[in-house]
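Structure, as structure tokens:
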Amino acid sequence: MGVEAPHLGDSGDVTQQTGIPAASVPALAVRDRRVRMIARLEVKGTNLIKGIHLEGLRRVGSPVEFARRYYDLGIDEILFMDVVASLYGRNQLLEIVRETAEHVFAPITVGGGVRSVADFEALLRSGADKVALNTEATKNPLLLKELALRFGSQSVVLSIEALRVAPGKWETLTDNGRERTGRDVIAWVQEAADLGVGEALITSIDKEGTGSGFDVDLMREVTECVNIPVIASGGMGSVHDFVALASTADVNGIAIADALHYNRVTLDEIRATARGMGLDVRSLA
Amino acid sequence: MPSPTVVIVDTGVGNLFSIARAVHTVGGSPVISADPRSLETADRVVIPGVGSYASTMSYFAECGMDGALRTYADTGRPLLGICLGMQLLVTEGHEEGRTCGLGVIVGEAVPMPSITSSGSPVRIPHIGWSRVTPLSEGRSSDWMGADGADIDVYFAHSYTVICPDSQVIAATFRYGGHELAAAVRVGSVLGVQFHPERSGPAGLRLLTSFVQSPDGT
């Protein structure tokens, strides 16, 4: 039919609009990119918990209360990860999502123990906007395709727990870092993107819970090998870590867990520092 | 003033709960319904945004919702399509082949441009918060509830709407170096590509305007 949009022209090269000096981040300036601040809340039963390297769990508080507080402070997205994800715990997770969605008008992503179309849909119906799959996806990759066709790519997130096994090489782990799959992280994220996954959540097992900064090499490798949005997780200890990652890897979201839960960083601080560095973050006005 | 009845059309899949909660928060009485007759008494109607183009249209056809929505649009009462719901408003969708849409706005839903003008790849889907600029010419009412200012709102989509009549485009956003339709509007029919129910206070202001103002816009 050839219907054109007369007023919706192409703007030309985005480098002219980002306001980031091309010399400081040459590889990244080609895409207009706004980095989302994502609060990662790990849930066990009805509790928000936090561990190190996905082990050694400690109770932090109520996930619903924390999610609401982050929303009030202007979080860009809430990420719930059920670390037990047993059949027994499903109803508790659905209830947490439902209670959160009652008052939190920001996107909510939920992962942990999703094994079927029915699990996926139950979470959407409870108020999740996106659902992340990890273990089941490695066993049954075609489930990703089925979900993407049914619910749209934009609601299907592939969650990868990445363990560095050699310089520049990472293996996909499952079950909160307990099981090895033999799958190369880069090959797996590419395969999943081809199957229709709309986003990749990459958690560095090596950095998770350490507060020692992100695995920047891993995030660079992943963002360079796929054209779906990528969320980086694991290692945020300070505002500096956020800015260092956002200015060197083309990530679309950065997940923050205990650094937020324990008030080591605030969202205002991250926003101000990121803007000061020429990075684009959401305006709350 | 009595609380306006806002019918949220049940598309059979996805997150209707969040829209219902947002509508309730801004003072509307949300009713989730797959019954075409529910539109007869609705003060406002929302077409939500998750699922696939073809399967949602065939679901509508099965239950007679497509005809009911066209009839409702003709009454001049406010209709809001969100994300896929906006895309369903137009003539035709190009998702997995061609599918006829509701056709209340002339246009097409097509895949988003996957490269910039300089040939760099663009990450698709577009997921995240982008700045939306209202195009004000010839439109006096403040349907975004932002006094004509830009707002940052949440998007999650792979398709975009193009319209032969540029006057239909009510707001735009930039992604991958392209300026795309963030909202389309013809009379009392409004479509938004973003998710106002997921866009914090800015989104709730838009929904307040939709639910509370006399003409919904």
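What fraction, in whole percent, of alpha-carbon pairs in segment B:1-109 exceed 21 Å separation?
So the pairs more than 21 Å apart make up 29 percent of the total in segment B:1-109.
In whole Å, largest first, what are the principal axis extents of the Cα atoms in segment A:233-285?
Reported extents, whole Å, longest axis first: 26, 26, 15.
So how much accessible area does B:R70 have, in Å² to the nearest 10, using a 1.4 Å probe?
Estimated to the nearest 10 Å², B:R70 gives 90 Å².
Given the options A:H240, A:N91, A:A122, identify the residue whose Cα lies farthest towards the positive end of the charge dipole of segment A:36-275 (+1 on Cβ of Lys, Arg; -1 on Cβ of Asp, Glu).
Farthest towards the positive pole: A:N91.
Note down the magnitude of the dipole of chain B about its Cα centre, charges +1 on Lys and Arg C-beta and -1 on Asp and Glu C-beta and zero elsewhere, to the nearest 20 debye.
That gives chain B a dipole magnitude of about 360 debye.
Relative to the Cα centre, what is the charge dipole magnitude of the protein assembly as shown, using +1 at the beta carbon of each Lys and Arg, -1 at the beta carbon of each Asp and Glu, and rounding to the nearest 20 debye?
800
Mind checking the log10 I(q)/I(0) for segment B:5-212 at q = 0.11, 0.12 Å⁻¹? Debye, one equal scatterer per Cα, no solvent, two decimals.
Here log10 of I(q) over I(0) equals -0.46, -0.55.
Out of the chymotrypsin sites (Phe, Trp or Tyr not before Pro) in segment A:141-196, which ones are loop residues according to DSSP with at most 15 other C-beta atoms within 10 Å?
none
When you have a sec, figure out the Kirkwood radius of segment A:36-275 from all distinct Cα pair distances and drop it here in Å to one decimal?
It is 17.4 Å.
Take every Cα pair under 8 Å in chain B that's 6+ residues apart, average their separations, divide by the length, and report that relative contact order as a whole percent.
Averaging sequence separation for qualifying contacts and normalising by length gives 21 percent for chain B.
Across every pair of different alpha-carbon atoms, what Kirkwood hydrodynamic radius in Å does segment A:108-226 reach?
14.4
For segment B:29-78 and segment B:132-198, what is the separation of their Cα centres, given in Å?
21
Once B and A are treated as a pair rather than alone, how much accessible area drops out, both sides summed, in Å² to 100, probe 1.4 Å?
That pair hides around 4500 Å² of surface in total.
At a 1.4 Å probe, which residues in segment B:1-48 are at least 30 Å² less accessible with all protein chains present than in their chain isolated?
For segment B:1-48, once contacts with the other chains are taken into account, B:V13, B:G14, B:N15, B:F17, B:R21 lose 30 Å² or more.
Which residues make up the longest stretch of chain B that has no GluC sites (Glu not before Pro) in a DSSP loop with at most 15 other Cβ atoms within 10 Å?
B:138-217
Of A:S62, A:G213, A:L163, which is farthest along the charge dipole of segment A:36-275 in the positive direction, counting Lys and Arg as +1 and Asp and Glu as -1 at C-beta?
A:S62
According to the square roots a ≥ b ≥ c of the eigenvalues of the Cα gyration tensor, what is the shape class of segment A:169-245, taking rounded for a/c under 1.5, prolate for a/b larger than b/c otherwise, and oblate for the remainder?
The shape class here is oblate.
At a cut-off of 40 Å², which residues of segment B:170-205 become less accessible once all protein chains are present than in their chain alone, using a 1.4 Å probe?
B:R174, B:G177, B:E179, B:R198
In bins 5 Å wide, starting from 0, what share of all Cα pairs of segment B:94-167 does each bin hold, as a percent?
With a bin width of 5 Å, the distribution comes to 3, 12, 15, 19, 23, 17, 8, 2.
How large is the accessible surface per residue of segment A:36-275, computed with a 1.4 Å probe and reported in Å² as a whole number?
Accessible surface, normalised per residue, equals 35 Å².
Calculate what fraction, in whole %, of the accessible area of the protein assembly as shown sits on carbon and sulfur atoms when a 1.4 Å probe is rolled over the protein chains.
52
Let me spell out the model: positive unit charges on the Cβ of Lys and Arg, negative unit charges on the Cβ of Asp and Glu, origin at the Cα centre of segment A:36-275. What dipole size does that give, in debye rounded to 20?
Its charge dipole is roughly 340 debye.
Using a ≥ b ≥ c from the Cα gyration tensor of segment B:169-217 (square roots of the eigenvalues), is it rounded, prolate or oblate, where a/c under 1.5 gives rounded and otherwise the larger of a/b and b/c decides, a/b for prolate?
The shape class here is oblate.
Which of the residues in segment A:213-257 lose at least 40 Å² of accessible area when you go from the chain alone to all protein chains together (probe 1.4 Å)?
Correct list: A:N227, A:P229.
I'm checking a number: the convex hull volume of the Cα atoms of the protein assembly as shown, normalised per residue, in Å³. What is it?
Spread over its residues, the Cα hull of the protein assembly as shown gives 135 Å³ apiece.
The values are calculated or read from the model by the stated rules, or taken from the named source; none is laboratory data. Bear in mind the structure is a predicted one, so any value in this text is a computation, not a measurement. Using ideal geometry, Cβ is built from the backbone for each residue, glycine included, and neighbour counts are taken over all protein chains shown. Surface accessibility is based on the protein's heavy atoms, side chains included, excluding ligands, DNA and RNA. Shrake-Rupley method; radii C 1.70, N 1.55, O 1.52, S 1.80 Å.
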